[in-house]
Structure formats: C-alpha cells, structure tokens
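Asker: So that we are looking at the same thing, I have put the structure below in structure tokens.
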Amino acid sequence: MKQFVAALLGVLGVMLVPVTQAKPTFTAGRSYELLSPAQRTNVAAGKVEVMEVFSYGCPACNSFQPAMAALERSLPANARMVFLPASFKPEEDWQVLQRAYFTAQTLGISERTHQAMFDAVWKSGELAIADPTTHRLKNPEPSIEDAAKCYQRLTGVKPAIFLATARSFAVDVKMRAADAQVIAMRIPSTPCIVVNGKYRINMDSLQSEADLIGLVKYLVDKESH
C-alpha cells in the first residue's frame, strides 16, 4: 500500500497508462483474495458493492482520497461505493472517528461531509490527532464533542442532536457490526477495497491509479454476469 500511495502522489495529474501499454492481468491470490464466506452487502438488489475500509485518522487513507474520487467517478452504473470505518487503532482516536462517521451516516450527512472530515484531521487541524510540530499524539485527542462541533460547522446540525445520536443504541450496533466485518474480511490495513463482499483487493499489488480502477472494474464485471 505504501508503494501505491507513493506512486499515486507522483503521477496524479498526468496520464497514468500509455495507450500502447498491455492490458494488465488480474489473478486471484495475487491481485485479490477470495473471501469465504462472502460478506453481506448493503446495496440494492442487482447492484455491485465497492467498499473502502478506511479511517479519517489514517494518513494513507487521506493520501488515497484522490484515487478514491477517481475510482468512484469511473464505476459502471450498476456499482455503488460504500464506506466502512475501521476502529483497530484506538490509540489514534479511530474509535471516536468511527462513531462520528456512523453518527453522520445515521443523520444522513455522511456523504456531503466525507472529504471535509479528512480535511478537518489533516489540513485545518480542527480534529488533528497529532501535534503538527512534535508529531506526537495529542493528549487528550479529539473527542466526540469536538466532532459534533465540526459537523455543526459543516452542516448546521446542532451538537446536542449529533451527540444524542452518537450515544444511541443504533450507532453502537453499527460500530460492533463494523468491527466484526473488518475481522471477517481479514482486513490487513487501511485503506482496503472489498468488492461485493467477495473480493479483497491486495493493495500492495497495485502500482497506479489505473491499476486500481482496472482491477475494480474487472471484479465488478465478474459480479455482473
């Protein structure tokens, strides 16, 4: 994954694959892993789910955002992008950020705030996990109350409403289900892409944004027949 992110940052804004380059070959065990059992998806019947497992606190996920935007734009009409926040680094505030995402999703504001939340952590520093000067983890790290204030700025949702939702049984259930799904899919790190609950992409096998888009389209096509 580190190699891909480094390559991505070096090639964004230029053509990634010459017209004459041979079409890549994607194989199970190298390009992707077949998940058994397959996971339940959360898209309409007849649609193919493309899931990113991520965290707003993950620096690689933040660097990966341009590739994710390009991937989402490239998806065929029968594919749908969804996001699953991971929490397996609680020491880096991932559980709080997971709760914030599911709260926003429950309130119907997650799609329009997704990039802004990355920016709040990694650009403005409003929800930064580490001190920008020392690079040490903040103590205390941003709280769900801090996230509520950020979402109020972004959407106008009152902190009281956001916090009541964040502390609800429904959000607790979503968090437990997400943690179980991350384990069931054997997610090694973030970001990670899973197609239709069946195929976990080996992110280290990718060399470019074009590889990512080509592989995801290949797997979506497999699930469309």
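Asker: Quick check: is even one residue across segment 19-29 closer than 16 Å to Tyr199 by Cα, outside any loop (DSSP other than H, G, I, E, B) and either under 15 Å from the mean Cα position of the chain (by Cα) or modelled with pLDDT of 95 or more (or both)?
Answerer: Within segment 19-29, one or more residues are closer than 16 Å to Tyr199 by Cα, outside any loop (DSSP other than H, G, I, E, B) and either under 15 Å from the mean Cα position of the chain (by Cα) or modelled with pLDDT of 95 or more (or both).
Asker: How many residues, within segment 43-66, are over 22 Å from Ser124 (Cβ atoms) and out of contact with any Gly (no Cβ under 9 Å at 6 or more places or on another chain)?
Answerer: 9
Asker: To continue, here is another question. Of all residues being over 21 Å from Gly214 (Cα atoms) and assigned to a helix (DSSP H, G or I) in segment 43-69, which is farthest from the chain's Cα centre (by Cα)? Just the residue, please.
Answerer: Pro59
Asker: Further question on the same structure: Considering only segment 167-187, how many residues are open to solvent by 50 Å² or more (accessible area, probe 1.4 Å) and either among the polar types (S, T, N, Q) or on the phi > 0 side of the Ramachandran plot (or both)?
Answerer: Summing the residues that are open to solvent by 50 Å² or more (accessible area, probe 1.4 Å) and either among the polar types (S, T, N, Q) or on the phi > 0 side of the Ramachandran plot (or both) in segment 167-187 gives 1.
Asker: Let me ask you something else. Take segment 135-186 and flag every residue that is without any contact (Cβ under 8 Å) to a residue 60 or more places away in the chain, in a helix (DSSP H, G or I) and among the charged types (D, E, K, R).
Answerer: Correct list: Glu145, Asp146, Lys149, Arg153, Asp172, Arg176.
Asker: Are any residues in segment 104-126 among the acidic types (Asp, Glu) and open to solvent by 70 Å² or more (accessible area, probe 1.4 Å), and if so, which ones?
Answerer: Glu111, Glu126
Asker: Within segment 87-103, can you find the residues that are without any contact (Cβ under 8 Å) to a residue 40 or more places away in the chain and open to solvent by 10 Å² or more (accessible area, probe 1.4 Å)?
Answerer: Once the filter is applied, which keeps residues that are without any contact (Cβ under 8 Å) to a residue 40 or more places away in the chain and open to solvent by 10 Å² or more (accessible area, probe 1.4 Å), segment 87-103 yields Lys89, Pro90.
Asker: Something else about it: Take the residues in segment 70-86 that are in a helix (DSSP H, G or I) and in contact (Cβ under 8 Å) with a residue 24 or more places away in the chain; name whichever of them is farthest from Met117 (Cα to Cα).
Answerer: The selected residue is Ser74.
Asker: In segment 188-209, what residues are within 18 Å of Ala60 (Cα to Cα) and open to solvent by 20 Å² or more (accessible area, probe 1.4 Å)?
Answerer: If the condition is that a residue be within 18 Å of Ala60 (Cα to Cα) and open to solvent by 20 Å² or more (accessible area, probe 1.4 Å), then Pro188, Ser189, Arg200, Asn202, Asp204, Ser205, Gln207, Glu209 are the ones that fit.
The values are calculated or read from the model by the stated rules, or taken from the named source; none is laboratory data. The structure displayed is predicted, hence computed values, not measured ones. Ideal geometry is used to build each Cβ from the backbone, glycine not excepted, and the neighbour counts take in all protein chains shown. Ligands, DNA and RNA are excluded from the accessible area calculation, which covers all protein heavy atoms including side chains. Shrake-Rupley method; radii C 1.70, N 1.55, O 1.52, S 1.80 Å.
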